[in-house]
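Please read the structure below before turning to the comments.
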Protein chains: 2
Amino acid sequence: MFERIDHIGIAVTDLEEAIELYEKTFGMPVTHRETVAEQGVSIAMLQTAESHVELMQPTGEDTPVGRFIAKRGPGIHHIGYAVPDIEAALVDVKAAGLRLIDEKPRRGAADSRVAFLHPTATGGVLTELIESAH
Amino acid sequence: MFERIDHIGIAVTDLEEAIELYEKTFGMPVTHRETVAEQGVSIAMLQTAESHVELMQPTGEDTPVGRFIAKRGPGIHHIGYAVPDIEAALVDVKAAGLRLIDEKPRRGAADSRVAFLHPTATGGVLTELIESAH
């Protein structure tokens with residue numbers, strides 16, 4: 001069902017500083033930047049082969065990523081897996097008895113459609129399903 | 001420098017239960033299993049496209065992954081990036097002023113050679129460089 005790792009989401013406190021590290025030192029080009037207002041994050045996507053690193057700086061403290069950083073510090077936040085058909089994938093994970101955060105897909109970065117599984121269903125790993133726009 | 005995401009390391013409390021989820025529900029085949037005694041973990045590698053998920057169950061409480069779970073609970077532990085030449089990569093990250101856990105490569109799973117950067121150098125993300133044996 002999961003075709004590939006689409007991206008790893010990383011919570012950062014300073015997006016420009018983090019881009020400097022990943023782009024200059026680690027050699028990953030930035031392919032997309034966006035502020036997703038409804039999720040309270042400014043993001044940068046950096047490419048490595050067929051996957052991305054998604055650096056996420058919260059737009060404020062009272063946002064999901066802001067609360068994550070306050071509680072656990074900056075660091076790895078979630079794994080996003082590419083699925084060919086997000087509705088079909090949600091039917092499958094529901095049938096497997098997994099608890100969902102999103103019963104229906106919602107808009108993600110770059111006009112993708114996304115849904116999160118609940119970390120209690122996946123051993124503490126916040127897991128995102130993503131059907132890209134292209 | 002980083003060619004692709006080689007794997008995501010996930011700390012788990014019950015390896016068989018975790019394999020069940022990733023293999024049966026998420027559809028990733030197990031490609032390798034091993035107990036790495038010197039690191040105190042039993043691991044399973046599951047494939048998705050060109051990357052892997054590495055499930056890691058500690059062999060005891062007084063191991064790096066055992067202490068991680070005691071402190072933070074099970075969940076995402078590290079990101080491993082494939083590099084073509086690990087000695088050259090270590091020279092580059094040292095030249096960039098990044099703090100290392102391993103100054104020299106050591107043996108990883110499946111006869112790979114690995115080295116970890118210190119999470120304080122990378123915004124709280126435990127980052128592994130990996131040169132595979134093949």
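The values are calculated or read from the model by the stated rules, or taken from the named source; none is laboratory data. Bear in mind that the values here come from a model prediction, so they are computed numbers and not experimental data. FYI the Cβ positions are ideal-geometry reconstructions off the backbone, even for glycines, and counts take in every protein chain you see. Quick note on the areas: whole protein, heavy atoms, side chains included, nothing else; ligands and nucleic acids left out. Shrake-Rupley method; radii C 1.70, N 1.55, O 1.52, S 1.80 Å.
Structure above, values below:
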item: 0 to 90° range, to nearest 10: angle between helix A:86-95 axis and chain A longest Cα axis; result: 60 degrees
item: List of segment A:25-70 residues, accessible area with partners at least 20 Å² below that of the chain alone (1.4 Å probe); result: A:Thr25, A:Phe26, A:Met28, A:Thr48, A:Ala49, A:Glu50, A:Ser51
item: Nm distances between copies for B:Thr13, ranked from closest, using label points 7 Å along Cα→Cβ; result: 3.0
item: Carbon and sulfur %, accessible surface of chain A computed with the full protein complex present, 1.4 Å; result: 50 percent
item: Unsatisfied cross-links (Cα-Cα over 32 Å) in the set B:Lys71/B:Lys94; A:Lys24/A:Lys104; B:Lys24/B:Lys94; result: A:Lys24/A:Lys104; B:Lys24/B:Lys94
item: Reduction of at least 30 Å² in accessible surface, 1.4 Å probe, comparing all protein chains with the chain by itself, residues of segment B:1-18; result: B:Met1, B:Phe2, B:Ile5, B:Ile8
item: Minimum Cβ-to-axis distance in chain B for the rotation onto chain A, with residue, whole Å; result: B:Ile76, 2
item: Charge sum, other residues only, whose C-beta stays under 13 Å from B:Gly40's C-beta, Lys/Arg counted +1 and Asp/Glu -1; result: -3
item: Mean accessible surface per residue for chain B, computed with a 1.4 Å probe while every protein chain stays in place, in Å²; result: 45 Å²
item: Heavy-atom accessible area, 1.4 Å probe, ligands and nucleic acids excluded: residues of segment B:104-134 down by at least 30 Å² from chain alone; result: B:Thr122, B:Gly123, B:Val125
item: Cβ-vector label at 7 Å, A:Arg72, separations to other copies in nm; result: 0.7
item: B:Asp14-A:Val36 pseudo-label distance in nm [points 7 Å out on the Cα-to-Cβ vector]; result: 3.1 nm
item: Spin-label model distance (nm) - B:Thr63 vs A:Glu61, 7 Å beyond Cα toward Cβ; result: 4.0 nm
item: Nearest-first distances (nm) between copies at A:Arg99, label 7 Å from Cα via Cβ; result: 3.6
